[in-house]
1. Hey, can you tell me all the residues within the stretch 240-268 that are open to solvent by 20 Å² or more (accessible area, probe 1.4 Å) and small (Gly, Ala, Ser)?
2. Among residues belonging to the stretch 172-206 that are part of a strand (DSSP E or B) and in contact with a Gly (Cβ under 8 Å, 6 or more places away or on another chain), point out the one that is farthest from PRO132 (Cα to Cα).
3. Which one is nearest to ILE15 (Cα to Cα) among residues in the stretch 218-241 that are of a type in the set (S, T, N, Q) and touching a strand residue (DSSP E or B) at 6+ places or on another chain (Cβ under 8 Å)?
4. Of all residues being open to solvent by 60 Å² or more (accessible area, probe 1.4 Å) and in contact with a helix residue (DSSP H, G or I) (Cβ under 6 Å, 6 or more places away or on another chain) in the stretch 153-177, which is modelled with the lowest pLDDT? Just the residue, please.
5. Contact list please: Cβ distance under 9 Å, first residue in the stretch 274-300 and over 18 Å from ALA38 (Cα atoms) and in a loop (DSSP other than H, G, I, E, B), second residue open to solvent by 30 Å² or more (accessible area, probe 1.4 Å) and hydroxyl-bearing (Ser, Thr, Tyr), pairs at least six apart or on different chains.
6. Take SER12 and tell me if it is over 14 Å from the mean Cα position of the chain (by Cα), open to solvent by less than 40 Å² (accessible area, probe 1.4 Å) and modelled with pLDDT under 65.
7. Name every residue in the stretch 272-321 that is under 23 Å from GLY241 (Cβ atoms), open to solvent by 90 Å² or more (accessible area, probe 1.4 Å) and modelled with pLDDT under 90, in order of residue number.
Amino acid sequence: MKTHYLGLELRSPIIVASSPYTATKAAVEKCVAAGAGAVVLKSIFEEQVVHHAVAYDYVPQGMGDSGEYLESYLSDAYKLDFLHLITEARVTGVPVIASINCVSTGKGWMDYAAAMSAAGASALELNIFFAPTDPDVDSVELECRYAEVVRQVCGVVDIPVAVKLPMRLTNIVAMARTLHECGAWGVVLFNRFFEPDIDIERLKFTVGDPFSHPSELRNVLRSAALCSSAVPRLDVAVSTGVHDGSAAVKALLCGARAVQLCSAIHEQGFEAIGTINRFVDEWAARHDFGALDDFCGRMDYGRTGDDLFQRVQYMKYFPQGTTV
């Protein structure tokens, strides 16, 4: 079942998300052999370079004022590794999407983006998350930072750019439209960032489960249906909660042009890609859909009516006067 995403023709709507499963040529080859339509290479993280340099700068007995030099040196070496991976992954025959994750609105985004584009990446995915921790920074200012990163990156590359967004934005539809106006070709819903758990005996934060669960899909379907309807020229990919073929079909019906897998591969192996592909094809055949365009977006916000997306659902399940 072919699809078009970010101006690219994919042999399948199943994309392997930025993850350890796209971090090496060997892993990418397994994704392709299993039937992936594209891969998003493991992200290049700006803060890894910065933190590595700082660590060296504070080695016992010191290394002098080496931080700035090391940051530049490590950044170049780190970047070269990713550029080499792009070159290697391209020979697998599927579109290779580079992923960039920076910690600021600074020059790093543009430098990495230009290098990835020059290395032959088919598209870029910007993994943007500015933590809302400052009470003096309102939502408008925060969202303007997202837009500015996208505008600057799109100004230095000539390949399609998608933006992987966090779940907790004030107005996802308005944000999607703004990003499209800044040059983005697509949005990916949603970014999974660090969410801690708490050890109540040792009274300390611990690492929460980094993998998605099937139940999380319901948090994404509404946003996908809204965005694909409100900004139809912006491609949507669903990246949270897709663990089986049924979930993939639901995302496509809501208007997603593709779905991204990570947790499903972690749980089921690379075979999950082929299993989901077969389900989508068999489901489409049962419903006499000959191509993805015949059903993609059939359940988006513009075609199904307001009630299914509004607060009225709560009132239907919990009418006034209901007692427990």
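1. Residue satisfying the conditions is SER246 alone.
2. At the first step, the residues of the stretch 172-206 found to be part of a strand (DSSP E or B) are 186-189, 196-199, 204-206.
Remaining after also requiring in contact with a Gly (Cβ under 8 Å, 6 or more places away or on another chain): 196-197.
Values: PRO196: 16, ASP197: 19 Å.
So the residue we want is ASP197.
3. Just the residues of the stretch 218-241 that are of a type in the set (S, T, N, Q), to begin with: 219, 223, 228-229, 239-240.
Narrowing further to those that are touching a strand residue (DSSP E or B) at 6+ places or on another chain (Cβ under 8 Å): 223, 228, 239-240.
Working: SER223: 19, SER228: 18, SER239: 9, THR240: 12 Å.
Ranking the candidates gives SER239 first.
4. Per the stated criteria, the residue is THR170.
5. Every condition considered, the pairs that remain are GLY297/SER229; ARG298/THR304; ASP300/SER229.
6. The answer is no for SER12.
7. Once the filter is applied, which keeps residues that are under 23 Å from GLY241 (Cβ atoms), open to solvent by 90 Å² or more (accessible area, probe 1.4 Å) and modelled with pLDDT under 90, the stretch 272-321 yields ARG303, LEU308, ARG311, TYR314, TYR317.
For (1) open to solvent by 40 Å² or more (accessible area, probe 1.4 Å); (2) modelled with pLDDT under 65; (3) under 16 Å from the mean Cα position of the chain (by Cα); (4) under 23 Å from LEU126 (Cβ atoms), each residue gets a yes or a no:
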{"residue": "LYS2", "(1), (2), (3), (4)": "yes, no, no, no"}
{"residue": "VAL16", "(1), (2), (3), (4)": "no, no, yes, yes"}
{"residue": "THR22", "(1), (2), (3), (4)": "no, no, yes, yes"}
{"residue": "ALA27", "(1), (2), (3), (4)": "no, no, no, yes"}
{"residue": "GLY35", "(1), (2), (3), (4)": "no, no, no, no"}
{"residue": "LEU41", "(1), (2), (3), (4)": "no, no, yes, yes"}
{"residue": "VAL59", "(1), (2), (3), (4)": "yes, yes, no, no"}
{"residue": "HIS84", "(1), (2), (3), (4)": "yes, no, no, yes"}
{"residue": "TYR112", "(1), (2), (3), (4)": "no, no, no, yes"}
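The values are calculated or read from the model by the stated rules, or taken from the named source; none is laboratory data. The structure displayed is predicted, hence computed values, not measured ones. Note that we place each Cβ from the backbone using ideal geometry, even for glycine, and neighbour counts take in every protein chain shown. Only protein heavy atoms, including side chains, enter the accessible area calculation; ligands, DNA and RNA are left aside. Shrake-Rupley method; radii C 1.70, N 1.55, O 1.52, S 1.80 Å.
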